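Input: a single structure, listed below in structure tokens.
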Amino acid sequence: MEKRLANPVVSADAPATDPRPYALGYSSHELQRLELQGALIRDFTEDVLRRAGIRPGMRVLDVGCGVGDVSLLAAKLVGPRGMVLGVDRSADATAMAERRAVETGRCYWTRFATEDLDAFACDETFDAVIGRLVLMYLPDPSATLRRLVGHVRPGGIVAFQELAMPLTRSFPEGPLFSRCVSWISDTIERAGFEIDMGSRLPMTFAAAGLPAPQMISAGLAGSGPASPLYNYISQTLRSLLPMAERLGIATAEEIGIDTLAERLCREAVEQRSCVMTPPLVGAWTTMPGWWDAARVE
Ligand SMILES: C[S@@+](CC[C@H](N)C(=O)[O-])C[C@H]1O[C@@H](n2cnc3c(N)ncnc32)[C@H](O)[C@@H]1O
């Protein structure tokens, strides 16, 4: 039997550099919401990872890994001959990710570290750095990305997936759905985070010194009484609620959080709506190789 990987040595004492409170918080509800979200968008992320070239035997760094959804997907693709390291600043999230790695049997080649990305340092080299829904929360995403890709070998892969929130819509427009979209976007934006990171990926890659990425966009759409999207939207607002209240955007009473999913469902069914959550924009590129550096000089 292979040995389970020990946790890596990272600079755990380094102070977090971002003073902004994280919009979604770290409640147990939020950790469960991440798992729900991970299940809903798993196929889109697997598609991006495969297109980017993640394959058996690779060593992958997943940044802002949350409760491990992307790390565990990468672990499936790289298999036991590869290795995945997931990094997140929330100890509760990485503890849950570790439990899930054990449950799926991927703990033998997947490990997690609790660390702020701006303080992350390790002396390993990876074949790929990947991340989902994380650059949007960084104070200077291109600077962090530039540092992180320093851990990737020449010719290695850089692949990220981020939201284009301004493209969220329902047809026909539903008043309650539109209010939910505003509450969510306003809270994230006014808390200081980027709501259109998906559209900014080419700029961010360029500013990090990376070649122009290949890209794809995919999103969830739903209709009718059985769609899981009403619950997903309501769970997202539940996580954002403390921040929405603190910023004076909406109160729990105004949102009616306990009945929100049911009312969103009723509105969509009555209007025969097509409800679309924000597209996930995927971007991937390869690190310039030593031969590119030689050509530039
Ligand atoms: C929306 S969650 C996405 C989690 C995971 N990538 C996924 O798609 O399921 C964003 C994660 O980024 C992490 N994060 C945000 N800023 C970070 C930072 N500066 N350092 C480490 N983790 C960070 C948060 O702790 C959170 O777990």
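The values are calculated or read from the model by the stated rules, or taken from the named source; none is laboratory data. Because the structure is predicted, anything quoted here is derived from the model rather than measured. Positions of Cβ are backbone-derived with ideal geometry, glycine not excepted, and every protein chain shown enters the neighbour counts.
Within the stretch 151-167, can you find the residues that are surrounded by fewer than 23 Cβ atoms within 10 Å (Cβ to Cβ) and within 16 Å of the ligand (Cβ to nearest atom)?
Matches in the stretch 151-167: 151, 164, 165.
I want to confirm something. Restricting to the stretch 212-235 and keeping residues that are aliphatic (A, V, I, L, M) and closer than 29 Å to residue 148 by Cβ, which single residue is surrounded by the most Cβ atoms within 10 Å (Cβ to Cβ)?
The extreme case among them is 220.
So which pairs qualify, if the first residue must be in the stretch 189-215 and within 16 Å of residue 285 (Cα to Cα), the second must be in a helix (DSSP H, G or I) and among the charged types (D, E, K, R), the Cβ gap must be under 7 Å, and the two must be at least 6 apart or on different chains?
208/146; 209/146
Could you please find all residues in the stretch 226-258 being within 14 Å of residue 179 (Cβ to Cβ) and polar (S, T, N, Q)?
The answer is 234, 236, 251.
So, in the stretch 182-206, how many residues would count as being more than 16 Å from the chain's Cα centre (by Cα), small (Gly, Ala, Ser) and buried (at least 19 other Cβ atoms within 10 Å of the Cβ)?
1
Looking at (1) assigned to a helix (DSSP H, G or I); (2) crowded, with 21+ Cβ neighbours inside 10 Å; (3) without any contact (Cβ under 8 Å) to a residue 40 or more places away in the chain; (4) touching a Leu at 6+ places or on another chain (Cβ under 7 Å), find the lone condition where residue 30 falls short.
Going through the list (1) assigned to a helix (DSSP H, G or I); (2) crowded, with 21+ Cβ neighbours inside 10 Å; (3) without any contact (Cβ under 8 Å) to a residue 40 or more places away in the chain; (4) touching a Leu at 6+ places or on another chain (Cβ under 7 Å), residue 30 breaks only (3).
Could you pull out the residue among 176, 148 that is within 16 Å of the ligand (Cβ to nearest atom) and in contact with a Leu (Cβ under 8 Å, 6 or more places away or on another chain)?
Result: 148 is the single residue among 176, 148 that is within 16 Å of the ligand (Cβ to nearest atom) and in contact with a Leu (Cβ under 8 Å, 6 or more places away or on another chain).
Does residue 62 meet the test of being outside any loop (DSSP other than H, G, I, E, B), near the ligand (Cβ under 10 Å from one of its atoms) and at pLDDT 90 or above?
So residue 62 fits the description; yes.
Among the candidates 93, 101, 119, single out the residue that is within 9 Å of the ligand (Cβ to nearest atom) and part of a helix (DSSP H, G or I). Reasoning before the result, please.
Numbers: 101 fails: within 9 Å of the ligand (Cβ to nearest atom); 119 fails: part of a helix (DSSP H, G or I).
Going through 93, 101, 119 in turn, the sole match is 93.
Would you please name the residue that is surrounded by the fewest Cβ atoms within 10 Å (Cβ to Cβ), looking only at residues in the stretch 71-84 that are of a type outside the set (Gly, Ala, Ser) and within 13 Å of the ligand (Cβ to nearest atom)? Lay out the reasoning, then the answer.
So the first thing to find is which residues in the stretch 71-84 are of a type outside the set (Gly, Ala, Ser), and the list is 72-73, 76-78, 80-81, 83-84.
Then drop every residue that is not within 13 Å of the ligand (Cβ to nearest atom), which leaves 72-73, 84.
Working: 72: 23, 73: 25, 84: 31.
It comes out as 72.
Residue 209 fails exactly one of the following numbered conditions: (1) away from the ligand (no atom under 16 Å from the Cβ); (2) surrounded by fewer than 18 Cβ atoms within 10 Å (Cβ to Cβ); (3) assigned to a helix (DSSP H, G or I). What is the number of that condition?
Condition not satisfied by residue 209: (3).
Answer yes if at least one residue in the stretch 247-256 is in contact with a Gly (Cβ under 8 Å, 6 or more places away or on another chain) and touching a residue at least 60 places away in the same chain (Cβ under 8 Å), and no otherwise.
No: the stretch 247-256 contains no residue that is in contact with a Gly (Cβ under 8 Å, 6 or more places away or on another chain) and touching a residue at least 60 places away in the same chain (Cβ under 8 Å).
Just need a number here: residues in the stretch 179-192 that are touching a Leu at 6+ places or on another chain (Cβ under 9 Å) and part of a loop (DSSP other than H, G, I, E, B).
Filtering the stretch 179-192 for residues touching a Leu at 6+ places or on another chain (Cβ under 9 Å) gives 180, 183-184, 186-188, 190-191.
Among the residues that remain, those that are also part of a loop (DSSP other than H, G, I, E, B) are: 191.
Final tally of qualifying residues: 1.
Pairs, please: C-beta under 7 Å, at least 6 apart or cross-chain, first residue touching a residue at least 60 places away in the same chain (Cβ under 8 Å) and in the stretch 76-94, second within 10 Å of the ligand (Cβ to nearest atom) and part of a helix (DSSP H, G or I)?
92/31; 93/31
Within the stretch 42-70, can you find the residues that are surrounded by fewer than 22 Cβ atoms within 10 Å (Cβ to Cβ), more than 23 Å from residue 156 (Cβ to Cβ) and touching a residue at least 24 places away in the same chain (Cβ under 8 Å)?
Of everything in the stretch 42-70, just one residue is surrounded by fewer than 22 Cβ atoms within 10 Å (Cβ to Cβ), more than 23 Å from residue 156 (Cβ to Cβ) and touching a residue at least 24 places away in the same chain (Cβ under 8 Å), namely 42.
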